[in-house]
Amino acid sequence: MSGGTADFFYREAQRLGYLARSAFKLLQMQKQYKLIKPGASVLDLGCAPGAWLQVACQSLGSLKSGGVVVGIDLKKVKVPSNHCDERVKTICGDVMNIERSKIRELSPQGKGFSVILSDMCPSVSGITTRDAALSIELGARAVELAVGEGLLVPNDGEDATNSSGGDADVEGVLRPGGNLVIKLLESEDTKELGDFCKPRFKKASWLRPKATRAASREIYLICQGRVGGRNETSSKK
């Protein structure tokens, strides 16, 4: 909410029991792209305050369909009481530092996730170029976690894929055929990240959801159908 003015999406979030207006961004994506199927395994990076956990759980279908939603955030996030059930759990941790192997272990049978959502955003400083660069770093980390390679980005001068105790040998945690959503602050570099993803997915699209504030530079990269990766035949979910 900006300037104390409750807009339509803010009021609707309160009325429907969502923790934030951002729920409507994922609801729109789900309606347009059908990213999360019943019984899917979903990883939510930067899950605070929990609105995307709510929408993801709703999208899994009934309890008998199975599925799981795992949220990770720097903050300790309590699983929302509305729109969530026992299939949702949260982990407190720094996505930039957790090894891919550790994240893979959080998935069902350690086989990876069928959907990765990244709503991560840097603490906005107001310095456009700095904020955009930090946003790209977070987005690139989401890609690297998903496919096991990426544009990233050194940790203190080291290659990111080699800075986690042999993590370079660990496959990305997104299953073949899986979907990836990344929030970015639009800049010249967002196209580069999109171009990196295009050959690694069957389809890559850009979306500015209707619930995005008019003054915001937020844009979402929607990547559908991961190409390649190990265990390609086991990508049913």
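All of the numbers you see were taken from the coordinates with simple rules; none came from a lab. These figures come from a predicted structure and were not determined experimentally. As a convention, Cβ positions derive from the backbone with ideal geometry for all residues, glycine included, and neighbour counts pool all protein chains shown.
Numbers at a glance
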item: Selection of trypsin sites (Lys or Arg not before Pro), region 6-36, meeting DSSP coil and at most 14 other Cβ within 10 Å; result: K34
item: Too-long pairs where the Cα-Cα distance tops 18 Å, listed order kept, from K31/K198; K102/K198; K34/K203; result: K31/K198; K102/K198
item: Share antiparallel - DSSP beta bridges, the chain, percent rounded to 5; result: 40
item: Region 26-67 versus region 183-198: alpha-carbon centroid distance in Å; result: 24
item: Per DSSP, loop GluC sites (Glu not before Pro) in region 1-104 with at most 12 further Cβ within 10 Å; result: E86
item: ³J(HN,Hα), Karplus 6.51/-1.76/1.60, whole Hz, each residue of region 70-83, x for Gly, Pro; result: 10, x, 10, 7, 4, 8, 6, 10, 7, 4, x, 6, 8, 6
item: Mean ellipticity per residue at 222 nm, deg cm²/dmol - from DSSP H runs of n ≥ 4 across the chain, formula -39500 (n - 2.57); result: -8000 deg cm²/dmol
item: Nonlocal amide H pairs with G71, under 5 Å, H built at 1.01 Å; result: D44, K89, T90, I91
item: Qualifying GluC sites (Glu not before Pro) in region 178-224, DSSP loop, other Cβ atoms within 10 Å at most 15; result: E186, E188
item: In order through region 106-112: 3J(HN,Hα) via Karplus (6.51 cos²θ - 1.76 cosθ + 1.60), integer Hz, x for Gly, Pro; result: 7, 7, x, 6, x, 9, x
item: Backbone HN-Hα couplings from phi across region 135-148 [Karplus 6.51/-1.76/1.60, Hz, Gly and Pro as x]; result: 5, 4, 4, 5, x, 5, 5, 4, 5, 5, 5, 5, 10, x
item: Total charge dipole magnitude, region 1-116, about the Cα centre, Cβ charges on Lys, Arg, Asp, Glu only, Debye to nearest 20; result: 220
item: Length released on extending from S101 to R130, taking residue separation times 0.36 nm less the Cα-Cα span; result: 7.4 nm
item: Alpha carbon Rg of region 72-113, scaled by the compact-globule rule 2.2 N^0.38 Å; result: 1.27
item: Label of the coordinate-derived value, percent of Cα pairs over 34 Å apart, listed as [x] 10; [y] 13; [z] 16; result: [x]
item: Per-peptide average of other Cβ atoms within 10 Å, ordering 222-228, 145-151 highest first; result: 145-151, 222-228
item: Net charge dipole size for the chain [Lys, Arg +1 and Asp, Glu -1 on Cβ; Debye, nearest 20]; result: 1340
item: Ratio Rg/Rh [Cα only; Rh per Kirkwood] for region 7-66; result: 0.98
